[in-house]
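K.L.:
One structure, pasted below without further comment.
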Amino acid sequence: MDGNPFEKWFKTAMTKLKSQNIIVIDNAPYYSVKKENIPTRSWKKSAIQEWLSEKKVTWNQDGIKIELLQKVNQIKHLYYSYRVEEIAEKFGHKILRLPLITASSFHLR
């Protein structure tokens, strides 16, 4: 399953719930689709500049790519959200994400 079929099912499920529920989910890829892509080091400099300009962030024309990414890091928390959370909020629900569990999370004795 990927994000689109899940989101279609999720919207249908939301209509069947009474409002103000807390929906607990893990971090499976199909419900961890980000609402917006945030620039990373793999992005071209011009694409990072465009993203910053869309966000009305000033940047130096002579700046290098790493300086642009520093600007991104300062504001990315404002744009780091998931599509499934937006859907839930439209129906009056909240999403609670379980923490990531990795092998290093378990301490063997």
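K.L.:
In region 22-96, what chymotrypsin sites (Phe, Trp or Tyr not before Pro) fall in a loop by DSSP, with at most 13 other Cβ atoms inside 10 Å? Spell out each step's value before the answer.
P.N.:
Numbers: sites: 30, 31, 43, 51, 59, 79, 80, 82, 91; in loops: 43, 59, 79, 80, 91.
Passing both the DSSP loop test and the Cβ count: 80.
K.L.:
At a 1.4 Å probe radius, carbon and sulfur cover how many percent of the accessible area of the chain?
P.N.:
On the way: 4530 of 8430 Å².
In the chain, the share of accessible area belonging to carbon and sulfur is 54 percent.
K.L.:
Residue by residue through region 18-31, which ³J(HN,Hα) values in whole Hz follow from phi under the Karplus form 6.51 cos²θ - 1.76 cosθ + 1.60 (θ = phi - 60°), with glycine and proline marked x?
P.N.:
5, 6, 6, 9, 9, 9, 8, 9, 8, 10, 4, x, 6, 10
K.L.:
Out of residues 5 or more away from residue 33 or on other chains, whose amide H comes under 5 Å of its own, with H placed 1.01 Å from N in the peptide plane?
P.N.:
83, 84
K.L.:
Okay, next question. Quote the Stokes-Einstein diffusion coefficient, in whole µm² s⁻¹, for the chain, based on the Kirkwood radius over alpha carbon pairs, a temperature of 10 °C and a viscosity of 1.306 mPa s.
P.N.:
Working: Rh = 16.6 Å.
The estimated diffusion coefficient comes to 96 µm²/s.
K.L.:
Report, ordered by chain and residue number, the lysines lying within cross-link reach of residue 65, taken as a straight Cα distance under 28 Å and ignoring same-chain residues fewer than 8 apart.
P.N.:
34, 35, 44, 45, 55, 56, 76
K.L.:
Could you derive backbone 3J(HN,Hα) for region 81-93 from the dihedral phi with the Karplus parameters 6.51, -1.76 and 1.60 (θ = phi - 60°), listing whole Hz in sequence and x where the residue is Gly or Pro?
P.N.:
So the Karplus estimates, Gly and Pro as x, are 9, 10, 4, 5, 5, 5, 4, 4, 5, 4, 9, x, 10 Hz.
K.L.:
Using modelled amide H (1.01 Å from N, peptide plane; none on Pro or chain starts), what sits under 5 Å from the amide H of residue 95, excluding residues fewer than 5 places away?
P.N.:
The list, which skips near neighbours in sequence, is 23.
The values are calculated or read from the model by the stated rules, or taken from the named source; none is laboratory data. It should be emphasised that the depicted structure is a prediction, and the values quoted were computed from it without experimental measurement. Cβ: placed from backbone, ideal geometry, glycine included. Neighbour counts: every protein chain shown. The accessibility values were calculated without ligands, DNA or RNA, using every heavy atom of the protein model including side chains. Shrake-Rupley method; radii C 1.70, N 1.55, O 1.52, S 1.80 Å.
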